[in-house]
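Notes follow once the structure below has been shown.
The values are calculated or read from the model by the stated rules, or taken from the named source; none is laboratory data. Since we're looking at a predicted model, the values are computed, not measured. FYI the Cβ positions are ideal-geometry reconstructions off the backbone, even for glycines, and counts take in every protein chain you see. Side chains are part of the model used for accessible areas, which takes the heavy atoms of the whole protein and leaves out ligands, DNA and RNA. Shrake-Rupley method; radii C 1.70, N 1.55, O 1.52, S 1.80 Å.
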Amino acid sequence: MASPRLGVGSRGLPQPQLLVLLLLLLVLLLLLGPWPAAGHGGKYSREKNEPELPPKREPGGEFRMEKLNQLWEKAQRLQLSPVKLSELHADLKMQERDEFAWKKLKAEGLDEDGEKQAKLTRSLSVILAKYGLDGRKDTRAMSSNSLSDPAEEDSLEDPRLEKLWHKAKTSGKFSSEELDKLRREFQHHKEKVREYNVLLETLSRTEEIQENVISPLDVSRVKEDVLHSKHAELKDRLRGIHQGYDRLRRVSHQGYGAEAEFEEPRVIDLWDLAKSANFTEKELESFREELKHFEAKIEKHNHYQKQLEISHQKLKHVESFGDREHVSRNKEKYAMLEEKTKELGYKVKKHLQDLSGRISRARHQEL
């Protein structure tokens, strides 16, 4: 009996043809194989572009300007209180907005004398000094996480103010709410003095540079006009500081009267300025109504600041027990309050800037 042939397939196909068919299928698979990978090949372009995506910068990427991000990160390293951080966030947002607006003006050639740029520099200097980011207060004691009276945490930095505050606090003429209100006035006065000192120092440095630089006569005159306007601004600020101190001294001795128009220090300042500006009676009345809305906005912001501080203390307390569920819930609440406080802080700063601008324009019309 003849042995079976190995060269024929089970279905009668010759073995060489079967091999050719398998090779063709293999080639076809190799040709088609990369296409699905190419479909996922977007991962290469995604990886290539990944550094440009914001998530890499998300932990500190609060701002579009790198220098502001650096200041924000430094403030967090200094362990500023949540309320201070929210205030700083609002100030930096305003600074960023103004800097981008200036860049647009510069591109259009509308800041030839550099005054707007100088104003931005002064503004940033004030922020640095206000929050201890100028390198002069890095060695100060870190903020404590323990529960304490916020009114007692910050020194008034002036023996006269400390003496007035102690007298008012022990006089028995103020309710707890009125003492909170008075403390805000003292803190506001302290900030005005600090801003004045920063502007004075900045102006002094500018004058030193001016004396050492030889420039064309017309440019020199422009710079002299700018310096003159800065001296006028400083004079107005100093006058406001003296008036503010006189008011604090009067209120500390006499208490608050029922005739007070507003309660918030910034609103009181704006109202005093508005009354001395070139407003008609109708415009002044309209401004008064807007100040009432502004004061309500400030009160809402103050409320959220207090809630944020309380939430911060609760979170620290819960974290010490390690209960994940409670920690998670408190973190969510804290994040919500933090975001809302930042948002309201920015709106308050922007509204304050708009109202101050209206008063400034009215004063210029008067001149």
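Here the condition is being open to solvent by 60 Å² or more (accessible area, probe 1.4 Å), over 29 Å from Glu290 (Cα atoms) and at pLDDT below 85; of His231, His253, it holds for His231 alone.
A quick yes/no check of all residues on (1) open to solvent by 70 Å² or more (accessible area, probe 1.4 Å); (2) within 28 Å of Lys230 (Cβ to Cβ):
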{"site": "Gly61", "(1), (2)": "no, no"}
{"site": "Ala101", "(1), (2)": "no, yes"}
{"site": "Lys104", "(1), (2)": "yes, yes"}
{"site": "Glu108", "(1), (2)": "yes, yes"}
{"site": "Gly114", "(1), (2)": "no, yes"}
{"site": "Gln117", "(1), (2)": "yes, yes"}
{"site": "Arg122", "(1), (2)": "no, yes"}
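Taken over segment 285-307, the criterion of being open to solvent by 40 Å² or more (accessible area, probe 1.4 Å) and hydrophobic (A, V, I, L, M, F, W, C) is satisfied by Ala296 alone. Going residue by residue through segment 239-247, is there one that turns out to be open to solvent by less than 50 Å² (accessible area, probe 1.4 Å), modelled with pLDDT of 85 or more and more than 27 Å from Arg361 (Cβ to Cβ)? Yes, segment 239-247 contains at least one residue that is open to solvent by less than 50 Å² (accessible area, probe 1.4 Å), modelled with pLDDT of 85 or more and more than 27 Å from Arg361 (Cβ to Cβ).
When the test is whether a residue is open to solvent by 40 Å² or more (accessible area, probe 1.4 Å), touching a helix residue (DSSP H, G or I) at 6+ places or on another chain (Cβ under 6 Å), at pLDDT 90 or above and in a helix (DSSP H, G or I), Lys93 passes it. Yes or no: segment 333-351 includes at least one residue that is under 18 Å from the mean Cα position of the chain (by Cα), farther than 27 Å from Lys181 by Cα and not assigned by the TED database to the domain that holds Arg97. Within segment 333-351, one or more residues are under 18 Å from the mean Cα position of the chain (by Cα), farther than 27 Å from Lys181 by Cα and not assigned by the TED database to the domain that holds Arg97.
A single member of Glu285, Glu281 is modelled with pLDDT of 85 or more and closer than 19 Å to Leu352 by Cα, and it is Glu285.
Selection of segment 256-278 for residues being surrounded by 13 or more Cβ atoms within 10 Å (Cβ to Cβ), at pLDDT below 85 and among the small types (Gly, Ala, Ser) yields an empty set. Does segment 331-351 contain any residue that is touching a helix residue (DSSP H, G or I) at 6+ places or on another chain (Cβ under 9 Å) and more than 22 Å from Glu62 (Cα to Cα)? No, that holds for no residue. Considering (1) surrounded by 15 or more Cβ atoms within 10 Å (Cβ to Cβ); (2) in a helix (DSSP H, G or I), the lone condition that Arg329 does not fulfil carries the number (1).
Results for (1) part of a helix (DSSP H, G or I); (2) exposed (fewer than 15 other Cβ atoms within 10 Å of the Cβ); (3) at pLDDT 65 or above, shown as yes or no for each residue.
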{"residue": "Ser148", "(1), (2), (3)": "no, yes, no"}
{"residue": "Glu152", "(1), (2), (3)": "yes, yes, no"}
{"residue": "Lys167", "(1), (2), (3)": "yes, yes, yes"}
{"residue": "Lys181", "(1), (2), (3)": "yes, no, yes"}
{"residue": "Glu185", "(1), (2), (3)": "yes, no, yes"}
{"residue": "Val198", "(1), (2), (3)": "yes, no, yes"}
{"residue": "Ser204", "(1), (2), (3)": "yes, yes, yes"}
{"residue": "Glu208", "(1), (2), (3)": "yes, yes, no"}
{"residue": "Ser215", "(1), (2), (3)": "no, yes, no"}
